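This report refers to the structure that appears directly beneath it.
The values are calculated or read from the model by the stated rules, or taken from the named source; none is laboratory data. From a predicted model like this one, the values you see are computed outputs, not experimental measurements. When we count neighbours, we look across all protein chains shown, and the Cβ atoms used for this are built from the backbone with ideal geometry, even at glycine.
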Amino acid sequence: MHPDSTMIYKQIRETMNIIIDFDSTFTQVEALEELAEISLKGHPQKQEIVRQIKEITDKGMAGEISYNESLSRRMALLPLTKTHIQTLIQRLKKKISPSFARNKSFFEKNKGKIYIVSLGFREFIEPVVAPYFIDSGHVLANTLCYDEADNVTGFDNENPLAHSKGKSRVLRNMNLEGEIIVIGDSYTDFEAKESGVAHKFYAFTENILRSGILDYADHVLPNFDEFLYVNQLPMSISYPKNRIKVLLLENIHPRAVTLFQKEGYQVETLSKAPSEEELCSLIQNVSVLGIRSKTHLTEKVLQHANRLMVAGAFCIGTNQIDLQKAAEKGVAVFNAPYSNTRSVVELAMGEIILLMRKIPQMNAQLHQGIWNKSASGSHEVRGKKLGIIGYGNIGTQLSVVAEAFGMEVYYYDVVEKLALGNARKCNSLKEFLKIADVVSLHVDGRKDNHLFFGESEYKLMKKGAILINLCRGFVLDIEKLIPHLKSGKIAGAAIDVFPYEPFHNNEPFISALCGLPNVILTPHIGGSTEEAQENIAGYVPAKIIEYINAGNTFGAVNFPSLQLPQQKNCHRLIHIHHNVPGILARINQILAGNGVNIEGQYLKTNESIGYVITDVDKEYSKSVLEELKKIEHTIKFRVLY
């Protein structure tokens with residue numbers, strides 16, 4: 001940052017006059033449409049009148065009719081009183097555009113250079129903008145006329161703002177010195193520049209997008225933060241949210257798109273899982289990446305991720321992500337360890353019942369015209385012993401559901417876990433396998449679990465036992481499993497995950513398991529229900545947004561875990577660095593050397609990185625930020641707000 005940047009900011013503020021429209025700009029709504037809702041409450045033709053008002057408004061904004069005609073026709077449709085105006089004021093105060101609301105301090109510091117110029121009415125505009133330090137002398141608008149009973153009888157027709165090109169005339173008469181910038185959402189706002197009165201026109205699209213006006217704009221503003229950013233003016237957040245680019249791959253549920261867009265981010269989607277080379281190109285300038293199980297976030301991809309802050313795995317597993325390299329790059333990774341648990345459990349329970357009843361074989365025979373009504377080898381699950389390997393989120397919930405079916409539950413886990421219900425822990429895998437009528441695998445994706453279950457385990461299983469694998473494809477030795485399935489030693493199996501899985505739906509699935517009548521094969525759909533995908537699409541974005549907005553890393557799989565309190569009237573600084581001694585001391589030396597007061601500080605480390613959150617007073621030299629960025633071993637540094 002240039003050493004004289006503070007002086008530059010001051011000069012910009014002193015020479016800039018900011019003219020802001022009111023309807024659909026300063027507020028999220030059109031005031032007259034709100035007035036229609038208020039004044040026509042209970043009116044039998046309310047919907048039709050509201051429709052007419054909106055239609056007239058749009059025609060006026062598009063320049064199809066004169067503004068005076070537009071205003072006259074709309075006012076004639078409304079039975080207004082002073083009480084309606086007071087009700088409108090209270091409603092509009094709750095409808096301030098979010099980006100203006102969060103930058104209230106900017107209005108306070110620059111109140112002498114900000115004006116509201118509106119075709120609406122002063123009677124409700126003044127009290128709405130007053131809390132934003134805009135006094136009555138800086139509000140230029142139409143005025144209402146009342147009768148003695150406080151009924152609105154019309155408006156002052158002599159006011160230039162009641163006529164076409166009224167904003168241009170009013171601005172010319174103001175004789176403002178310096179640069180005049182107009183922020184608005186309609187053609188009437190652009191007219192000030194078109195007539196030569198204003199120097200720039202910014203099309204404001206946070207509340208409504210009138211596509212016809214975008215071509216006239218010097219810059220399109222998705223929010224007021226963008227205006228402050230492009231003009232290098234102080235704002236309440238460090239970076240406009242509309243500049244945060246999100247890339248969602250593999251048909252992630254639309255709920256995630258909605259949540260990110262609601263936050264103000266740019267969102268792009270791609271239905272497929274791109275190759276490594278494709279992703280290297282796609283990920284450039286992306287701040288947030290969302291993937292499922294097929295997309296691989298490799299070291300090579302991370303090298304091309306010039307802006308990536310955070311990645312979300314919209315699934316349980318994270319084997320497809322190089323977590324270590326992501327951490328070293330300062331990229332936090334979140335997954336969804338709980339959101340599809342119920343879906344996996346229901347599939348496991350359903351497959352247990354199907355295999356215990358020999359449904360796969362009977363189904364195949366009947367499709368071939370063979371009627372084989374028999375109870376031989378068909379069993380209830382009640383009273384049978386279910387063995388769960390891996391007593392985590394899915395294993396524990398399966399335990400509870402299986403007990404409700406009357407099964408006896410046993411579990412084996414290398415980590416000490418509290419048993420739920422009547423489940424019993426086995427101290428060894430050998431003991432476990434000799435007991436279980438059904439073995440269900442729910443282990444994690446660590447490397448130690450590669451071919452965890454093979455020939456020796458198959459031999460230890462009870463004759464006629466059933467095997468379920470819904471966790472990881474590499475856990476089972478498929479080749480050694482097949483002879484046991486053919487011999488009947490293992491009565492049946494349900495397999496949802498495989499050592500190699502097709503990259504897309506058009507690639508054929510090839511496995512030695514195909515064609516075996518006592519095997520249920522499913523294409524990695526354990527968590528693929530509408531409910532699970534919607535839950536995941538809510539959970540993962542929430543974690544990502546918390547990280548971007550507040551720095552919270554609770555639930556991250558590769559970052560130190562921090563859940564932070566909200567702070568007011570301070571700036572939050574995030575410093576990610578290699579885990580070496582002395583970084584925290586260096587941060588505090590810089591802050592102390594610049595006289596910066598620390599409101600709160602939080603440090604957490606893991607084996608590779610350190611994560612420091614520092615809340616400081618807002619008053620500090622911008623050069624402090626540059627010093628913090630230059631600390632040796634810094635990976636990433638950012639200011640949250």
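Taking the numbered list (1) outside any loop (DSSP other than H, G, I, E, B); (2) in contact (Cβ under 8 Å) with a residue 60 or more places away in the chain; (3) not aromatic (F, W, Y) in turn, N207 passes all entries but (1).
Please verify whether segment 542-556 includes one or more residues that are crowded, with 19+ Cβ neighbours inside 10 Å and of a type in the set (S, T, Y). Yes, segment 542-556 has at least one match. Scanning segment 574-605 for residues that are among the polar types (S, T, N, Q) and out of contact with any helix residue (DSSP H, G or I) (no Cβ under 7 Å at 6 or more places or on another chain) gives N579, N588, Q589, N597, Q601, T605. Restricting the search to helices (runs of 4 or more DSSP H) fully inside segment 287-369 and requiring at least 1 residues that are touching a Lys or Arg at 6+ places or on another chain (Cβ under 9 Å) and within 26 Å of V475 (Cβ to Cβ) gives 299-303, 341-356. Of all residues in segment 1-44, those satisfying the criterion of being modelled with pLDDT under 95, among the hydrophobic types (A, V, I, L, M, F, W, C) and either touching a Ser or Thr at 6+ places or on another chain (Cβ under 9 Å) or part of a helix (DSSP H, G or I) (or both) are M1, M7, I8, I12, A31, L32, L35, A36, I38. Anything in segment 33-43 that is surrounded by fewer than 24 Cβ atoms within 10 Å (Cβ to Cβ), under 18 Å from L119 (Cβ atoms) and in contact with a Leu (Cβ under 8 Å, 6 or more places away or on another chain)? List them, or say none. Within segment 33-43, just E34 meets the criteria. Got at least one residue in segment 301-310 being among the small types (G, A, S) and surrounded by fewer than 21 Cβ atoms within 10 Å (Cβ to Cβ)? No: zero hits. Filtering segment 74-92 to residues that are of a type outside the set (A, V, I, L, M, F, W, C), in a helix (DSSP H, G or I) and either under 38 Å from the mean Cα position of the chain (by Cα) or surrounded by fewer than 17 Cβ atoms within 10 Å (Cβ to Cβ) (or both) leaves K82, T83, Q86, T87, Q90, R91. Taking the numbered list (1) surrounded by 19 or more Cβ atoms within 10 Å (Cβ to Cβ); (2) out of contact with any Ser or Thr (no Cβ under 6 Å at 6 or more places or on another chain); (3) of a type outside the set (A, V, I, L, M); (4) modelled with pLDDT of 95 or more in turn, G406 passes all entries but (1).
Yes/no per residue for (1) without any contact (Cβ under 8 Å) to a residue 60 or more places away in the chain; (2) among the aromatic types (F, W, Y); (3) in contact with a helix residue (DSSP H, G or I) (Cβ under 7 Å, 6 or more places away or on another chain):
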{"site": "F452", "(1), (2), (3)": "yes, yes, yes"}
{"site": "L481", "(1), (2), (3)": "yes, no, yes"}
{"site": "A494", "(1), (2), (3)": "no, no, yes"}
{"site": "E507", "(1), (2), (3)": "yes, no, no"}
{"site": "Q533", "(1), (2), (3)": "no, no, no"}
{"site": "Y539", "(1), (2), (3)": "no, yes, no"}
{"site": "A542", "(1), (2), (3)": "no, no, no"}
{"site": "I548", "(1), (2), (3)": "no, no, no"}
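Within segment 371-382, residues that are within 10 Å of M356 (Cβ to Cβ) and among the β-branched types (V, I, T) sit with their Cβ atoms under 6 Å from residues that are in a loop (DSSP other than H, G, I, E, B) and at pLDDT 95 or above, at 6+ positions apart or across chains, in these pairs: V381/F405; V381/M407.
Okay, residues lined up against (1) within 18 Å of the chain's Cα centre (by Cα); (2) modelled with pLDDT under 95:
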site: N251; (1), (2): yes, yes
site: L259; (1), (2): yes, no
site: E263; (1), (2): yes, yes
site: V267; (1), (2): yes, no
site: L282; (1), (2): no, no
site: V286; (1), (2): yes, no
site: G290; (1), (2): yes, no
site: H296; (1), (2): no, no
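Would you call N251 in a loop (DSSP other than H, G, I, E, B) and at positive phi? Criteria met by N251.
Scanning segment 111-131 for residues that are under 17 Å from I18 (Cα atoms), of a type outside the set (A, V, I, L, M) and in contact (Cβ under 8 Å) with a residue 40 or more places away in the chain yields K113, Y115, S118. Working only within segment 52-61, note down all residues that are over 17 Å from L80 (Cβ atoms), over 34 Å from the mean Cα position of the chain (by Cα) and either not assigned by TED's automatic domain parsing to the domain that holds A36 or not acidic (D, E) (or both). Passing the criteria: K59, G60.
Can you tell me how many residues in segment 254-282 are in contact with an Asp or Glu (Cβ under 6 Å, 6 or more places away or on another chain), crowded, with 18+ Cβ neighbours inside 10 Å and not small (G, A, S)? The qualifying residues number 0.
May I ask you to verify whether R169 is touching a Pro at 6+ places or on another chain (Cβ under 6 Å), assigned by TED's automatic domain parsing to the domain that holds G60 and either among the acidic types (D, E) or farther than 21 Å from L214 by Cα (or both)? Criteria met by R169. In the set K300, K245, only one residue is of a type in the set (K, R) and in contact with a helix residue (DSSP H, G or I) (Cβ under 7 Å, 6 or more places away or on another chain); that residue is K300. For segment 541-570, a residue qualifies if it is in a loop (DSSP other than H, G, I, E, B) and among the β-branched types (V, I, T), and the qualifying residues are T553, V557. Taken over segment 97-118, the criterion of being touching a strand residue (DSSP E or B) at 6+ places or on another chain (Cβ under 7 Å), under 19 Å from L176 (Cβ atoms) and not basic (K, R) is satisfied by F107, I114, Y115, I116, V117, S118.
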